[in-house]
1. In Å, what Kirkwood hydrodynamic radius results for the chain from the alpha-carbon pair distances?
2. How much length is gained if the chain between Arg90 and Asp238 is pulled fully straight, taking 0.36 nm per residue apart and subtracting their Cα-Cα distance, in nm to one decimal?
3. So the label point goes 7 Å from the Cα of Glu191 along Cα→C-beta, right? Which residues of the range 239-280 then have their backbone N under 19 Å from it?
4. Cα convex hull of the range 3-140: mean projected area in nm², to one decimal?
5. By counting other Cβ atoms within 10 Å of each Cβ, how are Asp148, Asp170, Asp105 ranked from fewest to most?
6. Mind pulling the per residue volume of the convex hull built on the Cα atoms of the range 294-365? Å³ is fine.
7. Taking Cα atoms, how many degrees apart are the long axis of helix 212-224 and the longest axis of the chain, rounded to 10 and kept between 0 and 90?
8. Take Val137, Val50 and order them by how many other Cβ atoms sit within 10 Å, fewest up front.
Amino acid sequence: MSSLSWQRAVIKVGSALIAPDGKGCSSQYLLPIAQFICNSRAQGKEVILVSSGSVAAGRNKIAFKHHPSIAEKQAMAAIGQTHMMANWARLFDFDCAQILLTADDLHNRTRYVNIKNTLRELLRNGALPIVNENDTVAINELKVGDNDNLAAYTALVARADTLIICSDIDGLYNADPRQNPQAKFIPTVHEIDKQIHDLAGGAGTSVGTGGMRTKIQAAEKCAKSGIQTLIVNGRNPDVFKQLGQGKQAGTLFVPSKNRDSARTQWLRHTLRSKGTLVIDDGAEQALMRKGASLLPSGITSVLGAFKAGEAVDIRYKDQIIAKGLTLYSNSELIQIKGLRSDKITELLGYSSGEVIIHRDDMVLL
Ligand code: GLU
């Protein structure tokens, strides 16, 4: 069995482990995980938990007919979140710190940096940060949507080196082991290509949101940023014994060699684009081959509504080739697209800079 080393891990625990029957919290599966967290901390390692289960834990507290409405689910989350936190807190003799995030918090650079600083401060003071999506305020469009991807974002923002996703399945198989007894286990994945994505079907359990698909997405985000991901069976206590002995368990997704800078990671994975700038041949050449910034002259059309400072996609023909922070809004760009930079002031009466997207604020995709 291969060895596994890590210093700062995000451990994601899904609803199927927190509230196994989808009704209330249970510590049935949490004790070995809590033990592993305590032992790891005693060895000087740092742990951040991403815990689902607020909706599942509050489910039997709110009356609903067949399917709960959004407001009913949010009410369940409001009650269930306190139960979920209390359920963890009683397993530890150090402080648990609740962090509730929405996708918006991660897209906003200032809030992103605040989250990063808060996590660092909590770890420095020996608390255990426990992160969940802020289900009571986030509506669907503003949600990360599943805690696998939320855990990947947390690993990125916390600069963790490892993400451990505790699921109710041993890891990745070449077919669904619940349906196909011949399915073969895959212990290590070196590259997350189309074939690996194709192996992941839909959502796995009735209580959680994610399935293998969102776990692979999370592993991919992490791999690109130099973070290793493990998908392990959180119901199997041996997994945590193995991990505690520094051995690999479940499926390991090996990270790529090149680690993006923190800012590039944020631009690439976390920030959501609000619009699209379509560019011409010359601008494509300049961006892709010369490492240049995007000038107004290369923009042929402006799609969507966005403000200065927001992220936009850069499209050439049918492909999104880059993404970056625009210095001008869509209405300003509609006026200055296709023009030379020295015409900006003439047209707008002011200038926010000669380039539309500076190279430092751009990632090629
Ligand atoms: N944030 C949701 C909850 O705590 C869980 C989402 C998920 O299962 O991925 O209930």
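We did not get these values from a lab; they are worked out from the coordinates using the rules stated. Owing to the predicted nature of the structure, the values given are computational and were not obtained by experimental measurement. Positions of Cβ are generated from backbone atoms using ideal geometry, with glycine treated the same way; all protein chains shown enter the neighbour counts.
1. For the chain, the Kirkwood estimate is 22.0 Å.
2. 51.0 nm
3. In the range 239-280, the label zone of Glu191 (backbone N under 19 Å from the point 7 Å along Cα→Cβ) covers 252-260.
4. 9.3 nm²
5. Starting with the residue having the fewest Cβ neighbours, the order is Asp170, Asp105, Asp148.
6. Cα-based convex hull of the range 294-365, divided per residue, equals 75 Å³.
7. 60 degrees
8. Val137, Val50
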